[in-house]
Structures are given as C-alpha cells and as structure tokens.
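Working notes, beginning with the structure itself.
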Amino acid sequence: MNALRIALTLDLDWAPDCTIDETADLLRAAGVRATWFVTHDSPAVRRLRLHPELFELGIHPNFLPGSTQGATPQEVLRFCMGAAPEAQAVKTHALLESTHLLEAVLEHTPVRADLTTLLPGVCLAAPARYEWKRKVLWRLPCAWEDNFQFDALRPEWRLADMPWLSGGGIAAFTFHPLTVALNSSSNAGFAALKAEGPLQATPPSRIAALRETGLGVGAVFRELVALAARDNNSVRVRDVLPTQNEG
C-alpha cells in the first residue's frame, strides 16, 4: 500500500490579500507545504515566495469568455506566467479543459503538471503521464474541492467523512483562501462579497462579519493541516513529479 501524501492546493480566484496571508500563516505555523494556483500578482502573492521550503506557485488561467487575463489561450497563459514565472503546475479556472488547451500549455509554458481534473475520492500513487506531440505533461486529479461540498448530497466537512484517505496515495485537495477565511458551508458569503465589488478590495472587517462558525471550509482545512503536520506527509506538486531525466 502506498503511504498517504497530502497535496494541499489553493486556487487564488482573485482573493483579497488578507485571506491569502491568513491561509499562509496557518500553513506556516504548522510547517505544512502547499501549492498556490495564482490568478494575479499582489503583495501577498509575492510574500509566498519568501517561504520556498513550504510553498510553490502554479498558474490558474481563466480561459472562459470575458477573461481579464486575455482574449486567447496564449494571452491568458502569458499573463499567468508573468505573475508566476517559476510555475511548474497548472489548474484551470472552472476546471475548463480540452486537448487544445493542454496543447497550448505544453507549447507556450514550461509547466510540467496539470491538476485540472476533479475525481472525488481518487488518490493516485503517482501522476499519470500525458503525452501530446512528443511533449509530456504529468496529470494528477484532485480528490476533493471545497466549493463542491456546498451542494453535495453527502458533504465531506470532516476527515472522518473521507474513508478514501485510508487507501494511501497522493490525495490532492483544492481550497480557496476566501472560503477558508469565511469558513464557508455554502456559496452565500462568497456570492455576497462578489456582488459588492472586486473581491481583491474586500476589507478584513467585511470578511469577519460574514465568517461562519461550525463545520465549513475553514474547519476542514484546519483539520487537514493538523493531520499533515502530525504525519509530516504534506507535499507540493513539484515534490511528486518525476525528475526531468525520468520525464
């Protein structure tokens, strides 16, 4: 049986800096590694680079119509790589994927891994090799994503609700700094803030006013961080990729 490795990932989704800092502080205090999928540059994003022993930056391109990152896949990727030129991993906004987009990633970036696919409860022993036009991308599914719990028939708000973790392998989790800070159990808080204006401009006092108590994204995030700290089994995406010679 493969030992459990926890790959915590954070999709920024234009989150206010205060929520990025708050989430990073929780991880730093526990010594837990994470991969941050960047939608934009900001002071908080640049502060993440101060902790290379724990954090890596990936890109979170928005290929949807009307994207503020660009009008074409190449423009979007150029924008994202400008915010995180060191990125080795990608996860697309809204989990949008196609062979054409994967080809664009391989052609226009040095990215080596993709985590766009969501397969609930699926943990792989190692990333799967995806080869296209003699180029290789290593693909790893996410086994759990926070906002998918909001309307789930059986939401997994506690580790006890995730029996699939006992099987080992790489368990990739997707969180969002804003829903962690809000401890969201529904989309209500996020939707309210989005309706009020640009998310990046949201003040900490407004987030505090909407923060939920009890079970929610923040609570399960803290439980998972505590488990990863206890077992010292957190990994960044780059930590589970084959070496360049193997790839």
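The values are calculated or read from the model by the stated rules, or taken from the named source; none is laboratory data. Just so it is clear, the model here is predicted, and its values are computed rather than measured. Methodologically, a virtual Cβ is constructed for each residue, glycine included, from the backbone with ideal geometry; neighbour enumeration extends over all protein chains shown.
Among the numbered conditions (1) in a helix (DSSP H, G or I); (2) of a type in the set (Val, Ile, Thr); (3) farther than 21 Å from Ser234 by Cα, the only one that Val180 does not meet is (3). Does region 102-135 hold any residues that are among the charged types (D, E, K, R), part of a strand (DSSP E or B) and within 14 Å of Arg238 (Cα to Cα), and which are they? Answer for region 102-135, where residues must be among the charged types (D, E, K, R), part of a strand (DSSP E or B) and within 14 Å of Arg238 (Cα to Cα): just Asp114.
Of the conditions (1) over 15 Å from the mean Cα position of the chain (by Cα); (2) among the polar types (S, T, N, Q); (3) under 16 Å from Glu22 (Cα atoms), Gln149 satisfies every one except a single condition; which number is it? Looking at each condition in turn, Gln149 falls short on (3).
Table: residues versus (1) in a helix (DSSP H, G or I); (2) under 25 Å from Asn233 (Cβ atoms); (3) modelled with pLDDT of 95 or more; (4) among the charged types (D, E, K, R).
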position	(1), (2), (3), (4)
Arg5	no, yes, yes, yes
Ile20	yes, yes, yes, no
Asp41	no, no, yes, yes
Ala44	yes, no, yes, no
Leu64	no, no, yes, no
Ser67	no, no, yes, no
Val76	yes, no, yes, no
Met81	yes, no, yes, no
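Looking only at residues that are in contact with a strand residue (DSSP E or B) (Cβ under 6 Å, 6 or more places away or on another chain) and not in a loop (DSSP other than H, G, I, E, B) in region 142-164, which one is surrounded by the fewest Cβ atoms within 10 Å (Cβ to Cβ)? Outline the logic, then answer.
We begin by selecting, within region 142-164, every residue in contact with a strand residue (DSSP E or B) (Cβ under 6 Å, 6 or more places away or on another chain); these are 142-146.
After this cut, where a residue has to be not in a loop (DSSP other than H, G, I, E, B) as well, the list is 142, 144-146.
Values: Cys142: 22, Trp144: 24, Glu145: 17, Asp146: 22.
Filtering region 142-164 for residues that are in contact with a strand residue (DSSP E or B) (Cβ under 6 Å, 6 or more places away or on another chain) and not in a loop (DSSP other than H, G, I, E, B), the one surrounded by the fewest Cβ atoms within 10 Å (Cβ to Cβ) comes out as Glu145.
Do we have any residue at all in region 197-216 that's in contact with a Phe, Trp or Tyr (Cβ under 9 Å, 6 or more places away or on another chain), closer than 30 Å to Ala3 by Cβ and either of a type outside the set (D, E, K, R) or crowded, with 21+ Cβ neighbours inside 10 Å (or both)? Checking region 197-216: at least one residue is in contact with a Phe, Trp or Tyr (Cβ under 9 Å, 6 or more places away or on another chain), closer than 30 Å to Ala3 by Cβ and either of a type outside the set (D, E, K, R) or crowded, with 21+ Cβ neighbours inside 10 Å (or both).
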